[in-house]
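These notes concern the structure reproduced below.
The values are calculated or read from the model by the stated rules, or taken from the named source; none is laboratory data. Note that the structure is a prediction, hence the values are computed from the model and not measured. Cβ placement follows ideal geometry from the backbone for every residue including glycine, while neighbour counts extend to all protein chains displayed.
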Amino acid sequence: MATAAVASQQLGFANFIANVDTVGKVVLFFLLVLSIASWYLIFTKAFANWLEAKRAKAFLAQFRNFDSLAQLNSLLNQSKPNNAFSNLAAEGLDALRNAGSFGAQKIAVAGGISEFMTRAIRNGIDQESARSENGLTVLASAGSASPYIGLFGTVWAIYHALVNIGLSGQGTLDKVAGPVGEALIMTAIGLAVAIPAVFAYNAFNRRNRMWLAKLDAFAHDLFVMLTVSNSENNPTKPTGNAS
């Protein structure tokens, strides 16, 4: 029993860290960096998404009660846009104002006011789509690369463990199982880094799909408000030659 206790103290995670070589330390460093980056993105993006969803809910509750551009413009002037929906509304209003300065001929060349507003709103949605994907590349990289980095560390550690066992001439099971078992710690660390990153990546991807679907539905309502109000404020006048 005493011999087993001494052997257990000489093996394990602490002993592995104390005896790991330079390559192993580099592998552990990369895994540590990926883990810190993953958890940082998980917490910050989760909080940012929750906060933006709360702000968007409040904005949409007010937007549904609007029946004119004046009310929407007044709300956006009172408070700075702080979510994707209010940002899109602000961009739509800006595009509508800019359309008046382009002139009727340029607007006609662009396909009309409807086509002009469609492109402006679609551009806002595309910008939000790109913004919502910030950080997902890091999570995807951590989820896919960490197991392989850990496996590389395991293979490297097993190789050196077997070399040392061969040089010592002691190839008994107890001499082989300990170093090989320690080497598998690298694989376990790689999986520990990858699993949360994969779950978070899938969760954020699902949230982004649902978020953009809601934003797209809002864009239709915003387009109707902008174009209908513009046509009411600027009715088309018949043109013709005086006889």
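I need the full set of residues from region 36-78 which are among the acidic types (Asp, Glu) and assigned to a helix (DSSP H, G or I), in order please.
Just the residues of region 36-78 that are among the acidic types (Asp, Glu), to begin with: 52, 67.
Listed by number, the list holds a single entry, Glu52.
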Considering region 55-72 alone, what residues qualify as being crowded, with 16+ Cβ neighbours inside 10 Å and out of contact with any Phe, Trp or Tyr (no Cβ under 8 Å at 6 or more places or on another chain)?
Arg55, Phe66, Leu69
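Results for (1) part of a helix (DSSP H, G or I); (2) of a type outside the set (Asp, Glu); (3) at pLDDT 85 or above; (4) surrounded by fewer than 16 Cβ atoms within 10 Å (Cβ to Cβ), shown as yes or no for each residue.
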| position | (1), (2), (3), (4) |
| --- | --- |
| Gly111 | no, yes, no, yes |
| Glu128 | yes, no, yes, no |
| Ala145 | yes, yes, yes, no |
| Leu151 | yes, yes, yes, no |
| Ile158 | yes, yes, no, no |
| Val180 | yes, yes, no, yes |
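Can you work out which of the residues in region 26-45 that are among the polar types (S, T, N, Q) and surrounded by 15 or more Cβ atoms within 10 Å (Cβ to Cβ) is farthest from the chain's Cα centre (by Cα)?
To start, the set of residues in region 26-45 that are among the polar types (S, T, N, Q) comprises 35, 38, 44.
Within this subset, residues satisfying the condition of being surrounded by 15 or more Cβ atoms within 10 Å (Cβ to Cβ) are 35, 38.
On the way: Ser35: 16, Ser38: 11 Å.
Only one residue fits best here, namely Ser35.
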Among the residues of region 26-60, which ones are among the small types (Gly, Ala, Ser) and over 14 Å from Ala197 (Cβ atoms)?
Ala48, Ala53, Ala56, Ala58
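Take the conditions modelled with pLDDT of 85 or more and more than 22 Å from Asn49 (Cβ to Cβ) and apply them to Asn87. Does it pass? Explain how you work it out, then say what you get.
Values: modelled with pLDDT of 85 or more: yes; more than 22 Å from Asn49 (Cβ to Cβ): no.
Judged against the criteria, Asn87 is not a match.
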Scan region 55-71 for residues that are over 15 Å from Asn87 (Cα atoms) and of a type outside the set (A, V, I, L, M) and jot them down.
Arg64, Asn65, Phe66, Asp67, Ser68, Gln71
List, please: which pairs have Cβ atoms under 6 Å, are six or more places apart or on different chains, and start with a residue in region 61-81 that is modelled with pLDDT under 85 and end with one that is assigned to a loop (DSSP other than H, G, I, E, B)?
Leu72/Phe66
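Return a yes/no flag: does region 79-86 have any residue that is of a type outside the set (Phe, Trp, Tyr), assigned to a helix (DSSP H, G or I) and surrounded by fewer than 15 Cβ atoms within 10 Å (Cβ to Cβ). I'd like the intermediate steps shown before the answer.
The initial filter retains those residues of region 79-86 that are of a type outside the set (Phe, Trp, Tyr), namely 79-84, 86.
Filter again for assigned to a helix (DSSP H, G or I), leaving 84, 86.
Checking the rest, the ones that are also surrounded by fewer than 15 Cβ atoms within 10 Å (Cβ to Cβ) come to none.
No, region 79-86 contains no residue that is of a type outside the set (Phe, Trp, Tyr), assigned to a helix (DSSP H, G or I) and surrounded by fewer than 15 Cβ atoms within 10 Å (Cβ to Cβ).
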